[in-house]
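Enquirer: Take this structure first; my questions come after.
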Amino acid sequence: MVFIIDSDDFEVPIPHISKNLNRNIKLSGFPTFYSASGEYLQPVNLWLNFLVNVRKAKNINSNVRALKRYWNFLENYGLPWDHFPKQKSLKPTYRFKNDDLLLSARSGAIQLSTAATYISHVVGFYKWAGHEGLIQFSEENKPFEMELVRISNSGPLRFINRSFVVNSTDLRIRNPRKNLEQQLCPFTEDEVRTFFKIIRSFTTEFLLHQLLQFQCGLRMEEACFFHLDLVFNPSSSDTRFDIEIGPHVGVPTKYGKIRTIEVPASLMRELYLYSISSRRAARQKKQPNSKTLLLNQNGLPMTSVNVAQHYFKAKKAYKAVTGRPLNHRPHDARATYGTYRLASLLEHLPPLDAMTLVMGWMGHRHESTTWRYLRYLNKEKLNRNAISMMDIFLHEALGEDND
């Protein structure tokens, strides 16, 4: 299996401008790939270096996951990364798409949108490798076929120009467009109650991670990297706290945007107790420099892989308990927060003011994203005491109920 080591920042020399001037270029570190035998995987590492230090990509987590999965697939089947038989079904790229990504998507192990994203990153890697001369393409040796695809225009000029043509490949995975109701999929009251009763027996880190998503509307990565310095012992008089998050405090927000979130006092107290617990102290001993709050067994920050593993077990337990599947993704916890929080604000504020607050807390880039929550509420007519209900769930999740 491929393994990854996060490299430190480094410097490389540049040609001397003069004999008396010696300058180095400072470059950012990036996840460095090694094969199962310890071989330095130069093509992948050069690509990641390009993304981080040339393109200045703010987040390459998806690229890393995609290439790790692809390279593991190549190693498992003994396939070279730069040789493509004439028959499509034998090419490693098509085999990866059909035998790994699509099979996993159909079985429910990954989302179809995730499969589509992963194959697009693989295509991007090969395009870059060909451009840089790391691989020579020919009619007999090529990873995919380029093709033109007609896309419907949904922009302001759609009535003048109804479609446009873009370059794509025959490796693309079509992800059916969801309607607004399908896109927004918050948990129901019963689902939240049962879900938290189930994960009460899971690891403390996973429980707190889920509470950060459900109670604060954090994205999965944001909750994973919630910084230790943001945690404090709350006073008994306060009920909620405004906390600023962003890359400047070690939290990788979308687009690197700095925003203010709200944290209930009861949750902040639990975060504080965990931060000073012997459990976390034992984990941090393995990685003394760790500054994120939630640590895995190796003393490293929780990752989306850790969360996905726990979430998969929780869904199995949910079905065993209720006899029904839990048709939600981890990201739906964020939708649940936005929906119920907006419902509670509408009890006291005009819709526009309530929308503005939720938009800021959730870090939505466009107002249209937040408007979906209002349309959903109007359709579902949710209980306006929603946020009080969510606070009850918090107490239940932490074992503070009386049942």
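The values are calculated or read from the model by the stated rules, or taken from the named source; none is laboratory data. Here the structure is a predicted model, which means the values were calculated and not measured. Ideal geometry is used to build each Cβ from the backbone, glycine not excepted, and the neighbour counts take in all protein chains shown. Heavy atoms of the whole protein, side chains included, go into the accessibility calculation; ligands, DNA and RNA do not. Shrake-Rupley method; radii C 1.70, N 1.55, O 1.52, S 1.80 Å.
Enquirer: Of all the stretches in the chain, which is the longest one without any exposed loop site, taking GluC sites (Glu not before Pro) in a DSSP loop (any state but H, G, I, E, B) with at most 16 other Cβ atoms within 10 Å?
Expert: Free of exposed loop sites, the longest segment is 146-346.
Enquirer: Oh, and also: Tell me what the chain gives for mean residue ellipticity at 222 nm when only DSSP H runs of n ≥ 4 count, each as -39,500 (n - 2.57), the sum divided by the residue total, rounded to 500 deg cm²/dmol.
Expert: -13000 deg cm²/dmol
Enquirer: Okay, next question. Please work out the Kirkwood hydrodynamic radius for segment 225-352, using every pair of different C-alpha atoms, and report it in angstroms with one decimal place.
Expert: Over segment 225-352, the inverse of the mean reciprocal pair distance is 17.2 Å.
Enquirer: Ordering His209, His227, His348, His83 by accessible area with a probe of 1.4 Å, largest first, what comes out?
Expert: Correct descending sequence by accessible area is His348, His83, His227, His209.
Enquirer: In terms of Cα to Cα distance under 29 Å, which lysines are near enough to Lys197, apart from those fewer than 8 places away along the same chain?
Expert: Straight-line reach from Lys197, under 29 Å: Lys313, Lys315, Lys316, Lys319, Lys379, Lys381.
Enquirer: Write down the accessible area per residue of the chain in Å², having rolled a 1.4 Å probe over the full set of protein chains.
Expert: Ligands and nucleic acids excluded, the result is 55 Å² per residue.
Enquirer: Okay, moving on. Take every Cα-Cα pair in segment 77-127 and report what % of them are more than 12 Å apart.
Expert: Beyond 12 Å sits 65 percent of the P(r) for segment 77-127.
Enquirer: Which lysines have a Cα lying under 22 Å from the Cα of Lys257, excluding residues fewer than 8 positions away in the same chain?
Expert: Lys56, Lys58, Lys291
Enquirer: If I compute solvent accessible area with a 1.4 Å probe over the protein chains, what percent of it on the chain is carbon and sulfur?
Expert: 51
Enquirer: With +1 on each Lys and Arg Cβ and -1 on each Asp and Glu Cβ, and nothing else charged, work out how big the dipole of segment 42-150 is about its Cα centre, in Debye to the nearest 20.
Expert: Dipole of segment 42-150, to the nearest 20 debye: 400 debye.
Enquirer: Per residue, how much space in cubic angstrom lies within the convex hull of the C-alpha atoms of segment 235-275?
Expert: Taking the convex hull of the Cα positions in segment 235-275, it is 76 Å³ per residue.
Enquirer: A further question follows. Across 10 Å bins from 0, what is the distribution of all Cα-Cα pair distances for segment 297-385, in whole percents?
Expert: Taking all Cα pairs of segment 297-385, the binned fractions are 14, 36, 27, 20, 3 percent.
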